[in-house]
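Student: Please see the structure below; I have some questions.
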Amino acid sequence: MNNLLAPGRLEALERLHFATIEGIELNSPRWDGPRGLLSRGGGGGGADVKQQTLEDIACSIQEKSYKRIVVMAGAGISTPSGIPDFRSPGSGLYDNLQRYDLPYAEAIFDIDYFHHNPRPFFALAKELYPGNYQPNLTHYFVRLLHDKGQLLRMYTQNIDGLERCVPPERLVEAHGTFATATCTVCRRTYEGQDLRLDVMKGTVPKCPTCKGVVKPDIVFFGEELPRHFFKYISDFPLADLLIIMGTSLEVEPFASLAGAVRSSVPRLLINRDLVGPFTWGRLRPTDVAQLGDVVSGVGALARAIGWTQELDVLMAQCATKVSDL
């Protein structure tokens, strides 16, 4: 969604090289950053190294061998909750947006187009606003990782707020949030709920101070990622397991993070298709791909760990709409 080499962003990524992790200096010969990790391919293993399986990873989670799990998630974990796809012809949301004569579908998230005409975005916002949809099993699985003391951080590309069943200190909303908003003119800040009435009425929210348009703090094309995205980026060299689910890994700089864990660290992909480093034809022995429906894949992992009953209880306890944001 943003230029990886935008001012300040490359510097933040380079900070990975100047941290010390478990006695390894990241700018020493023993650590040459994400690029070096990717070039190593098999993580130092030969033909005699056994390829890990979902069951291997499940066993290690169950035994709490992993204590710093990082999760990367995309839209594929939200669609099972009913989140509409504004790019799919035939969907009510897509048809509703056609009356705005968008030059292309993604213009709805273009900051220049927003300044020209904010109404299409707020039509989408009315559908996506927190409180309209409920988290599903994938969200609660990550919450259970936290409850077990094994989640280091969850990184999400989603803006629907469904990941907020995870405590805020464990969550990085890489593409922003509806929970807060900012006036595009005077920069006054607001709580997301302050906009809700206007958004639900189909009215463009205006700042009472200067009458400027108030925009939810969603990252548009042409805008910088949130500061906290870079604040926690050293999570990846610290991680002892990376779980990637429901994402195409096509949007930078989010996508590059899949290669930022140490080469010895297992990476579990739960997705419809192979993406990112999993498509390069040379999996590490520690890479595992569980392909198919994301909810089914997470369910299979939960069963292998032995967490099915705990997940059912957690979902029953938290079966309320995400509205208090």
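Student: For region 34-68, give me each residue that is small (G, A, S), modelled with pLDDT under 90 and out of contact with any Phe, Trp or Tyr (no Cβ under 9 Å at 6 or more places or on another chain).
Tutor: Hits for region 34-68 are G36, S39, G42, G43, G44, G45, G46, A47.
Student: Can you tell which of L238, L283 is crowded, with 17+ Cβ neighbours inside 10 Å, modelled with pLDDT under 90 and farther than 29 Å from A125 by Cα?
Tutor: L283
Student: Still on this model: Under the condition of being surrounded by fewer than 18 Cβ atoms within 10 Å (Cβ to Cβ) and in contact (Cβ under 8 Å) with a residue 60 or more places away in the chain, which residue from region 264-279 is nearest to T53 (Cα to Cα)?
Tutor: S264
Student: Please enumerate the residues belonging to region 134-162 that are out of contact with any helix residue (DSSP H, G or I) (no Cβ under 6 Å at 6 or more places or on another chain), of a type in the set (D, E, K, R) and assigned to a helix (DSSP H, G or I).
Tutor: Once the filter is applied, which keeps residues that are out of contact with any helix residue (DSSP H, G or I) (no Cβ under 6 Å at 6 or more places or on another chain), of a type in the set (D, E, K, R) and assigned to a helix (DSSP H, G or I), region 134-162 yields only D147.
Student: Moving on. Please determine, by comparing only the residues of region 206-235 that are of a type in the set (K, R) and modelled with pLDDT of 95 or more, which one is nearest to M72 (Cα to Cα).
Tutor: K215
Student: Just one of the numbered conditions (1) under 23 Å from Y129 (Cα atoms); (2) assigned to a loop (DSSP other than H, G, I, E, B); (3) out of contact with any Lys or Arg (no Cβ under 9 Å at 6 or more places or on another chain) is not true of L225; which one?
Tutor: It is condition (3) that L225 fails.
Student: Okay, next question. Can you tell which of V204, V185, V172 is in contact with a Cys (Cβ under 6 Å, 6 or more places away or on another chain) and outside any helix (DSSP H, G or I)?
Tutor: Result of the check over V204, V185, V172: V185.
Student: Mind telling me which of the residues V313, V261 ends up being surrounded by fewer than 15 Cβ atoms within 10 Å (Cβ to Cβ) and of a type in the set (A, V, I, L, M)?
Tutor: Answer to the check: V313.
Student: Still on this structure: Just one of R196, R188 is more than 23 Å from the chain's Cα centre (by Cα) and crowded, with 16+ Cβ neighbours inside 10 Å; which is it?
Tutor: Residue meeting the stated conditions: R196.
Student: How many residues does region 199-218 contain that are under 15 Å from T177 (Cβ atoms) and either surrounded by fewer than 18 Cβ atoms within 10 Å (Cβ to Cβ) or aliphatic (A, V, I, L, M) (or both)?
Tutor: Total satisfying the criteria: 3.
Student: Looking at (1) surrounded by fewer than 16 Cβ atoms within 10 Å (Cβ to Cβ); (2) of a type in the set (D, E); (3) modelled with pLDDT of 90 or more, which one does E173 not meet, given that it meets all the others?
Tutor: So the condition that E173 fails would be (1).
Student: For region 146-157, enumerate the residues that are touching a residue at least 60 places away in the same chain (Cβ under 8 Å) and surrounded by fewer than 23 Cβ atoms within 10 Å (Cβ to Cβ).
Tutor: D147, K148, G149, Q150, L152, R153 - these are the residues of region 146-157 that are touching a residue at least 60 places away in the same chain (Cβ under 8 Å) and surrounded by fewer than 23 Cβ atoms within 10 Å (Cβ to Cβ).
Student: Taking region 50-82 only, how many residues are among the hydrophobic types (A, V, I, L, M, F, W, C), over 20 Å from V251 (Cβ atoms) and in contact with a Lys or Arg (Cβ under 9 Å, 6 or more places away or on another chain)?
Tutor: 3
Student: Same structure again: Under the condition of being assigned to a helix (DSSP H, G or I) and free of Cβ contacts under 8 Å to residues at least 40 places away in the same chain, which residue from region 105-120 is surrounded by the fewest Cβ atoms within 10 Å (Cβ to Cβ)?
Tutor: Checked region 105-120; the qualifying residue surrounded by the fewest Cβ atoms within 10 Å (Cβ to Cβ) is H116.
Student: Would you check which residues across region 69-97 are assigned to a loop (DSSP other than H, G, I, E, B), modelled with pLDDT of 65 or more and polar (S, T, N, Q) and list them?
Tutor: S78
The values are calculated or read from the model by the stated rules, or taken from the named source; none is laboratory data. The structure displayed is predicted, hence computed values, not measured ones. Ideal geometry is used to build each Cβ from the backbone, glycine not excepted, and the neighbour counts take in all protein chains shown.
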